[in-house]
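Every number here is computed from the coordinates shown, using simple stated rules; none is lab data. Note that this is a predicted model, so its numbers are computed, not measured. Here the Cβ is made from the backbone with ideal geometry for all residues, glycine too, and neighbour counts use every protein chain on show.
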Amino acid sequence: MRTMTRSYGDPCGVARGLDVIGERWALLVVRDLLLGPKRFNDLLGGLHGASPNVLTQRLHDLIDLGVVRRRDLGPPARVRLYELTEWGHELEPLLLHLGRWGSQAPSPPQGELGIDSLLLSLKAGFDPARADELSGTYQLGVDGDTYLVRVADSSLQIERRAARQPSATLSTDLDTLRQVIDGRIAIPAAQQSSRLHIDGDEPSVRHLTDLLQP
């Protein structure tokens with residue numbers, strides 16, 4: 001692991017942590033990789049205001065520091081992905097708690113939650129006491145991307161990948177999902193307007209509905 005050129009020079013763990021993730025955009029890059037790997041352009045699209053040069057530098061820093069790694073998929077895909085290392089994934093509890101804490105601050109006048117922020121907010125607000133009643137494996141399809149959603153062992157797991165044999169599936173667009181999660185539209189109403197489709201056995205559909213709209 002390389003040493004940061006800009007450092008607080010303080011041996012405190014908080015200061016040393018900020019030496020690693022304290023640069024602007026660094027923690028938001030980590031946020032957008034928590035659910036799974038992303039390509040450069042997908043990362044850039046979720047970081048409104050970050051330039052390609054800034055994102056390139058931030059990824060370079062995070063790779064050198066051991067928080068992110070680069071993975072190249074071979075032919076025929078030839079795609080370069082960025083993903084968190086095991087050490088990088090250890091930031092998840094901190095980010096979820098920071099999200100809960102930050103939600104009490106004034107909201108900016110413009111802007112909407114991206115898909116990563118939206119699903120992480122769902123995870124941050126999950127009540128472990130409801131895990132038994134909502135237990136199951138589900139799949140969300142949002143604007144062509146697929147997410148595994150699993151409730152088990154008093155926790156909510158969300159990953160950017162397909163679920164194996166989900167008991168219920170829901171497909172929609174990002175704007176509709178935002179409205180569903182923040183309560184602006186009920187799932188049955190979204191279904192009636194053909195903005196959302198949900199399939200599965202009745203108990204699983206009910207559990208998935210209750211998870212998204214407690």
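Classify region 115-196 from the C-alpha gyration tensor, please: rounded if a/c falls under 1.5, else prolate or oblate depending on whether a/b exceeds b/c. The shape class here is prolate.
Rounded to whole Å, the principal axis extents of the Cα atoms in region 69-211 read 43, 42, 34, largest first.
Calculated on C-alpha atoms, the gyration radius of region 80-122 divided by its Kirkwood radius gives an Rg/Rh of 1.04.
Local charge for H89 was computed over the other residues whose Cβ lies under 14 Å away, with Lys and Arg +1 and Asp and Glu -1, and equals -2. Taking the Kirkwood radius as Rh and the Cα radius of gyration as Rg, region 13-102 has a ratio of Rg/Rh equal to 0.97. Net charge near V30, counting Lys/Arg +1 and Asp/Glu -1 over other residues with Cβ under 12 Å of its Cβ? In short, -4.
Ordered by packing density, taken as the mean number of other Cβ atoms within 10 Å over each peptide's residues, highest first, how do 83-93, 130-140 rank? If you can, show how the numbers build up before the last one.
Working: 83-93: 14.8, 130-140: 17.9.
Peptide ranking by packing, descending: 130-140, 83-93.
Each Cα pair under 8 Å and six or more residues apart adds its separation to the average, and for region 115-212 the resulting relative contact order is 26 percent.
Count charges around A50 for me, please; just the other residues with Cβ under 11 Å from its Cβ, Lys/Arg as +1, Asp/Glu as -1.
Surrounding charge for A50 is +1.
Need one word for region 1-152: rounded, prolate or oblate. Basis is the Cα gyration tensor (sqrt eigenvalues a ≥ b ≥ c); a/c below 1.5 gives rounded, then a/b vs b/c decides. Note, shape of region 1-152 comes out oblate.
For region 41-49, backbone phi angles converted through the Karplus equation (6.51, -1.76, 1.60; θ = phi - 60°) give residue-by-residue couplings of 5, 5, 4, 4, x, x, 10, 5, x Hz, Gly and Pro being listed as x.
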